[in-house]
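Remarks on the structure that follows.
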Amino acid sequence: MRKFMVVLDDTRECLNAMRFAALRAAHTGGGVQILSVIPPEEYQHWMGVADLMRAEARERIEAHFGVFAKWMREKLGVDPELVIREGDPVAEILAQVNEDPAIGVLVLGASHEKSGPGPLVSQLTRIAGTLPIPITVVPGDMSKERLEAIT
C-alpha cells in the first residue's frame with residue numbers, strides 16, 4: 001500500500017497537509033505515515049534535563065498525533081502510523097523516505113506568510129529533483145472545502 005508521509009510540527013499549515021494526506025489516502029486506498037522530528041537543539045542540555053525535554057517532546061507529539069489519528073479513523077477510515085525521529089528535520093525526512101519503500105508521496109504544508117513557505121518546503125523543494133518520490137505542497141491558507149474538492 002502506498003503511504004502519504006506528512007510532517008507533524010507546530011506550524012499552522014501542518015493542519016492542511018494532514019487533511020490533504022488523509023483525504024488522498026482515503027480516496028485512493030492508501031495509508032498515512034505521520035513523521036515528527038525532534039530537532040537536536042531541543043535537548044542539548046545537561047543529561048537529566050535533556051532526557052526530560054526529550055520525553056516531554058514525545059508526549060506532546062503523541063498527543064497531537066492522537067487528535068489527528070482519531071479524526072482520520074472516525075471520519076475517513078484511515079489508520080495513520082506515527083514515526084518519531086530525532087535530529088535535523090530535513091535529514092530525518094530524507095532518511096525516513098529512503099528507509100520505507102512504501103512511502104509514495106511526501107506532503108508538506110506551505111506557510112502563506114510573506115517570509116516564505118517555511119524552512120522545510122524551501123529546503124526540500126530545492127532538492128526535489130533528487131528525491132525518489134514526489135512532493136505535494138499544500139497551501140496553508142486553503143479552505144477545508146477546497147481541500148475536500150481537490151482530493
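What follows draws every value from the coordinates through simple rules; no lab data is involved. Quantities reported herein were computed from a predicted structural model and do not represent experimental measurements. All Cβ positions, even for glycine, are placed from backbone atoms using ideal geometry, and neighbour counts span all protein chains on display.
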Inset, instruction - Let me have the relative contact order for region 3-150, percent, based on Cα pairs under 8 Å that are six or more residues apart. - result: 32
Legend entry - Signed unit charges on C-beta, dipole axis of the chain, positive-most listed residue S143, A57, S122: S143
Inset, instruction - Please report, in Å, the Rg and the Dmax of region 45-88, where both are computed over Cα atoms only. - result: 13.8, 43
Inset, instruction - For the chain, find the longest principal axis of its Cα atoms and tell me its angle to the long axis of helix 47-71, 0 to 90°, nearest 10. - result: 20
Inset, instruction - Among C14, H112, A25, pick out the residue whose Cα is farthest towards the positive end of the charge dipole of the chain, where Lys and Arg carry +1 and Asp and Glu carry -1 on C-beta, about the Cα centre. - result: A25
Inset, instruction - Return the distance in nm (one decimal) between the two label points of a simple spin-label model at E59 and T28, each offset 7 Å from Cα along Cα→Cβ. - result: 3.7
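Sort L35, L82 so the one with the fewest other Cβ atoms within 10 Å of its own Cβ comes first.
L82, L35
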Legend entry - Built amide H within the under 5 Å cut-off of T136, gap 5+: L106, V107, L108
Legend entry - Of the GluC sites (Glu not before Pro) in region 80-118, those whose Cβ has at most 13 other Cβ within 10 Å and which sit in DSSP loop: E113
Inset, instruction - Rounded to the nearest 10 degrees, what's the angle between the helix 14-28 long axis and the longest principal axis of the chain, both from Cα atoms, 0 to 90? - result: 50
Legend entry - Charge dipole (debye, nearest 20) of region 3-150; +1 at Cβ of Lys and Arg, -1 at Cβ of Asp and Glu: 540
Inset, instruction - Report the trypsin sites (Lys or Arg not before Pro) located in region 30-125 that are in a DSSP loop and have at most 11 other Cβ atoms inside 10 Å of their Cβ, or state none. - result: K114
Legend entry - Kirkwood Rh in Å, taken over the chain so that all alpha-carbon pairs contribute: 15.8
Inset, instruction - Quick one: angle between helix 89-99 and the longest Cα principal axis of the chain, in degrees between 0 and 90, rounded to 10, please. - result: 60
